[in-house]
Amino acid sequence: MPKPRPFRIAHLSDLHLTASDRAARSETRLFGRLRGMNAAFRKIVRTPAIQRADLIVFTGDIADRGEIDAWKVFWNALAEAGLSHRALVVPGNHDVCCLGVRAPWNADARADWAKAAAGLRLGNQPTKLPWARSPDPRVAVFGLNSNNLGNFSAADNALGRIGYYQLQDLANKLHVHRDVPVKIVLLHHSPNIPEDRTAAQRGQRPTGPLGRATHQIPRDQRRALRLLCITHRVRLVLHGHMHVAEDRRVAGVHTVGARATTEPDAGKYYFSTFVVLGEGHRVWRKPCAVRV
Ligand SMILES: [Fe+2]
């Protein structure tokens, strides 16, 4: 019998694309704001590691300020690289939330969502979350919206939130796909921001109590998500948001966080690829660093 063909997945995140190519990323940095995300992304998607992928997943923060023109940059880059039909996208807080301050009466979760939905729709992505897609008989991907829609200020724009009904719907979708061997959950926020002591053990920079309080998914929701992942044998949970490469097992669940793909480090751009291999459908991760 012929060996099953490997199935390759690339995981990119936190592109923070801007409406104009020269605009800076909204996030402040020590030595000035980052620019050049659009140009970097156009080149990254042409690298062999991405071109070879059967599926490319994006875990949010596509548009730095949620603008539709930044989404157009994203979809045009994918189209020009011949990848539009291989992409699956979940939104991040920069795609939907208010990054500044607004009065409570101006906070509108529906309007926030409409912004991201318009960007997703440009690429024919599902806009009702959670969703499930099976791009190969061996693989089922589940997308979650983990954003705090309808926030008032910068203090709560980065908070995670999944919500009971989304988890319930995810449970149903996982059950429907129970016979698919490789189940992958995508969300923007980290379902496991480690305590400072654990971060130190992992050789990671500590997030600190304030960072955890302003970026975390509430404990009951992340625990419920973890239980679903354990009982349904989810093989991978992929997320972004923290802009840190993390690869850990949380109660046995392989959980991988991505760096901001368009943020260079020593002239290289970072992302992960995964390959589903062999009869046992094992999943192997390969960290990638490319010069563009
Ligand atoms: Fe981000």
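Of the conditions (1) in contact with a Cys (Cβ under 7 Å, 6 or more places away or on another chain); (2) farther than 30 Å from L34 by Cα, F271 satisfies every one except a single condition; which number is it?
(2)
One residue is enough: does the range 113-124 have a residue meeting the conditions surrounded by 20 or more Cβ atoms within 10 Å (Cβ to Cβ) and in contact with a Lys or Arg (Cβ under 7 Å, 6 or more places away or on another chain)?
No, that holds for no residue.
If only one of L78, L83, L174 is more than 16 Å from the ligand (Cβ to nearest atom), open to solvent by less than 10 Å² (accessible area, probe 1.4 Å), over 21 Å from T255 (Cα atoms) and touching a residue at least 40 places away in the same chain (Cβ under 8 Å), which one is it?
Result: L78 is the single residue among L78, L83, L174 that is more than 16 Å from the ligand (Cβ to nearest atom), open to solvent by less than 10 Å² (accessible area, probe 1.4 Å), over 21 Å from T255 (Cα atoms) and touching a residue at least 40 places away in the same chain (Cβ under 8 Å).
Return the residues of the range 181-223 that are polar (S, T, N, Q) and open to solvent by less than 20 Å² (accessible area, probe 1.4 Å); say none if nothing qualifies.
Correct list: S190 only.
Checking D95 against (1) of a type outside the set (G, A, S); (2) under 20 Å from R235 (Cβ atoms); (3) open to solvent by less than 10 Å² (accessible area, probe 1.4 Å), which single condition isn't satisfied?
The number of the failed condition is (2).
Take the residues in the range 43-75 that are open to solvent by 50 Å² or more (accessible area, probe 1.4 Å) and closer than 24 Å to F7 by Cβ, then tell me which one is nearest to the ligand (Cβ to nearest atom).
Of everything passing the filter in the range 43-75, R46 is nearest to the ligand (Cβ to nearest atom).
The values are calculated or read from the model by the stated rules, or taken from the named source; none is laboratory data. Please read these numbers as outputs of a predicted model, since none were measured by experiment. Ideal geometry is used to build each Cβ from the backbone, glycine not excepted, and the neighbour counts take in all protein chains shown. Note: accessible area is taken over every heavy atom of the protein model, side chains too, but ligands, DNA and RNA are not part of it. Shrake-Rupley method; radii C 1.70, N 1.55, O 1.52, S 1.80 Å.
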